[in-house]
Amino acid sequence: MTKTIYVDNAATTAMSDRAIEAMKPYLKEIYGNPSSLHGVGQRAKEELESARAAVAACLGAERGEIYFTSGGSEADNQAIRSAAYNGAAKGKRHLISTNFEHHAVLHTLKKLEGERFEVTYLPVDQNGLITPAQVDEAIRPDTALVTVMYANNEVGTILPIRDIGAVCRRRKVPFHTDAVQAVGHIPVDVVADNIDMLSLSAHKFHGPKGVGVLYCKKSLPLRTFIEGGAQEKGKRAGTENLAGICSMAAALQEAIAHLYENMAKEELLRDMLIDGLSIIPHSKLNGDRVKRLPGNVNMCFEGIEGESLLLLLDQKGICASSGSACTSGSLDPSHVLLALGLKHEVAHGSLRLSLCPDNTEEEMKYIIDGVKEVVSYLRSISPVWEELEKGQRPHLI
Ligand SMILES: *Cc1c(COP(=O)(O)O)cnc(C)c1O
């Protein structure tokens, strides 16, 4: 049996021991419904509120500004729809975003376009960056929301959120950021970063799946997303996922406590991979080399089919991705790589390796050797590569 090397942490992470331990009491001992008035319920309510305070402290927010959700997708949906409908009530039906957001954002915006909203998708540059000036220029008197992701899940680019937030504040437009890939991985502070609404998800930082947070600044009205009860101040009905919420709070506290040492560790491994894989001829790193998540590597290898690369790596025990989990399985190239200006042929040969602090230097060496071997094998049997090598078609990278 080959050992499994998991380098797909942008898709999801393993739960940490601390997150698992933090969950246990709520499965049996503290099982109450936080809405019940009796002692068992009130005990649960206390735990719920202390988890809320812990999450708030990790983000620089206030306890009352934290709304628990079922994850990042739900938080994105609620934030965007809430701001859109609040804007529409004042005659503002214009929204601003980028062309390389997560589908939870893009598909929500597409739906709103069908509801007579107009969306400006700012084009990112070849590294996946937009400038605050682009946002400033796009804002109109009828702009209801700017939503820009904190860090991209495929290519790892970290956007200039603090400066974009400052523009939005000056122009008095609500600003939402999908920070699912950022929180727990790089410093995020809603006050310092001028953020009005933020989405995060526990399973991206070694917490459980199916639980997340929408932060909404207290001065900003939040619309109810799920009807049916008074939970989450009436904004999101449903008996709270107490075990998941308390486990998420523990995972987040743990991630923040070790943030800088984890970043340094991941950066070291990431740079080993980038240096080792860049030696492969006609390869290219996607995303910004510097403004980059500590654990993200995304590369293209010309003449390679991403799916075949993944399958052969899997046979070597390497669990990686071609991009986002949501697009894998479909044959369309990633919208993120196309937004960076990559040609379809090149975008098809992409590989994303996303690290966690538990990965090791030995694993990186194994991955580098494995990718080199698989890439040269696939090229040796590829008619496209033969044409490229014979000069019958030009190399694109
Ligand atoms: C994973 C992810 C989401 C979705 O979060 P879920 O909790 O899985 O719904 C949204 N945005 C980004 C950037 C992500 O990486």
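All of the numbers you see were taken from the coordinates with simple rules; none came from a lab. As the structure is a computational prediction, the values presented were derived from the model and not from experiment. Every residue, glycine as well, gets a Cβ built from its backbone with ideal geometry; the counts of neighbours run over all protein chains shown.
Cα centroids of segment 19-89 and segment 135-183: 24 Å apart. Near Gly72: Cβ cut-off under 13 Å, other residues only, Lys/Arg at +1 and Asp/Glu at -1. The net charge is -2. Where both bridge residues fall in segment 173-232, DSSP classifies roughly 60% of the beta bridges as antiparallel.
Summarising the strand pairing of the chain, around 55 percent of its internal DSSP beta bridges are antiparallel.
Straight Cα distances below 18 angstrom link Lys28 to the lysines Lys45, with same-chain residues fewer than 8 positions distant left out. The modelled label-to-label distance between Lys390 and Asp332, using points 7 Å beyond Cα along the C-beta direction, is 3.5 nm.
So for each of 53-62, 249-258 I average, over its residues, the number of other beta carbons within 10 Å; can you give me the resulting order with the highest mean first?
Values: 53-62: 19.3, 249-258: 21.0.
Going from most to least packed, we get 249-258, 53-62.
Ranked from highest to lowest mean number of other Cβ atoms within 10 Å per residue, what is the order of the peptides 36-46, 195-205?
The packing order, highest mean first, is 195-205, 36-46.
Computed from backbone phi, the HN-Hα couplings of segment 370-382 come to x, 5, 4, 5, 5, 5, 5, 4, 4, 5, 5, 10, 9 Hz, rounded to whole numbers (Karplus: 6.51 cos²θ - 1.76 cosθ + 1.60, θ = phi - 60°; Gly and Pro given as x). Sorted largest first, the spans of the alpha carbon positions of the chain along the three principal axes are 74, 53, 33 Å.
Placing a label point 7 Å from the Cα of His344 along the Cα-to-Cβ direction, the residues of segment 280-308 whose backbone N falls under 17 Å of that point are 303-307. Taking other C-beta atoms within 10 angstrom as a stand-in for reagent exposure, Val119, Val146 fall in the order Val119, Val146, fewest first.
After finding the eigenvalues of the alpha carbon gyration tensor for segment 343-397, what semi-axes result from the square roots of 5 times each, listed largest first in whole Å? Show your work: numbers first, answer last.
On the way: eigenvalues 165, 38, 11 Å².
Computed over segment 343-397, the values are 29, 14, 7 Å.
For Lys316, a cut-off of 30 angstrom between C-alpha atoms picks up these lysines, skipping any fewer than 8 places away in its own chain: Lys3, Lys204, Lys209, Lys265, Lys284, Lys343, Lys365, Lys372. Packing-based ranking of 161-174, 91-104, 293-306 yields 293-306, 91-104, 161-174, ordered from highest to lowest mean Cβ neighbour count within 10 Å.
Each Cα pair under 8 Å and six or more residues apart adds its separation to the average, and for the chain the resulting relative contact order is 21 percent.
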